Amino acid sequence: MIQRAGRAFLLAWIAGMVSLPLWAIDAADSHGSTDYIIGQGDVLVISIWKDESLTREVVVLPDGTITFPLIGSVTAEGKTVSKLKKDIEEKIKRFVPDPVLFVSVRSANSMYVYVIGRVNSPGRFVLNSNVNVLQALAMAGGLTPFADKNAIKIIRTDSGKSSIMQFRYNDVIKGRSIEQNIILKRGDVVVIP
């Protein structure tokens, strides 16, 4: 019933029969990124249509939770936007019949990689788009003359397990072993000895 009501509303909105407040338009537009995995520090906008008192901008806390009126604390970290939306809908149904809920990511503050070692500007770098290893090295100002170009490592932690991938800079820039130039993920550490 909720999905049917939501679709009917969106069709009416598209046809111009219903107007939306500006915050709902922003949420509906960015809601298409439902496969984004939420992380600590991300800023989310959560709103229920026709209920301004249930519109909040929330920050995902270091423990991975957010707080929303009526339902309290909800785990957000590690969930997709659509999964979080579904979880909030389930909890809020007790208080709001047939809620039309919008969840969007206002600011993706958890998308960082780290480049350390013998680069000109080591540090933490924001992932605003898909970034591969060569691009991350460029963001860090390039390798220093003393860097061991063929001993670069990428450390990735996934589901609590760490793995190490090799990156041979000289091979990659010569067009060999190009598969080593992987797309980096949130939290990856690129180490240049």
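The requirement of being part of a loop (DSSP other than H, G, I, E, B) and either more than 22 Å from the chain's Cα centre (by Cα) or farther than 20 Å from GLY78 by Cα (or both) is satisfied by GLY141.
When LYS91, LYS86, LYS50 are checked against the criterion of being charged (D, E, K, R), in contact with a strand residue (DSSP E or B) (Cβ under 8 Å, 6 or more places away or on another chain) and not assigned by TED's automatic domain parsing to the domain that holds GLY141, a single residue qualifies: LYS91.
Can you work out which of the residues in segment 114-138 that are among the β-branched types (Val, Ile, Thr) and over 12 Å from ARG186 (Cβ atoms) is surrounded by the most Cβ atoms within 10 Å (Cβ to Cβ)? Selected residue: VAL115. Checked against (1) loosely packed, with under 15 Cβ neighbours inside 10 Å; (2) of a type in the set (D, E, K, R); (3) in contact with an Asp or Glu (Cβ under 9 Å, 6 or more places away or on another chain), GLU52 meets all criteria but (3).
Does SER73 fit the bill of being over 24 Å from ILE182 (Cβ atoms), surrounded by fewer than 18 Cβ atoms within 10 Å (Cβ to Cβ), in contact (Cβ under 8 Å) with a residue 24 or more places away in the chain and small (Gly, Ala, Ser)? In short, no.
The values are calculated or read from the model by the stated rules, or taken from the named source; none is laboratory data. Predicted model only: the values in this text are computed from it and were never measured. Glycine gets a Cβ as well: all are built from the backbone with ideal geometry, and neighbour counts include every protein chain shown.
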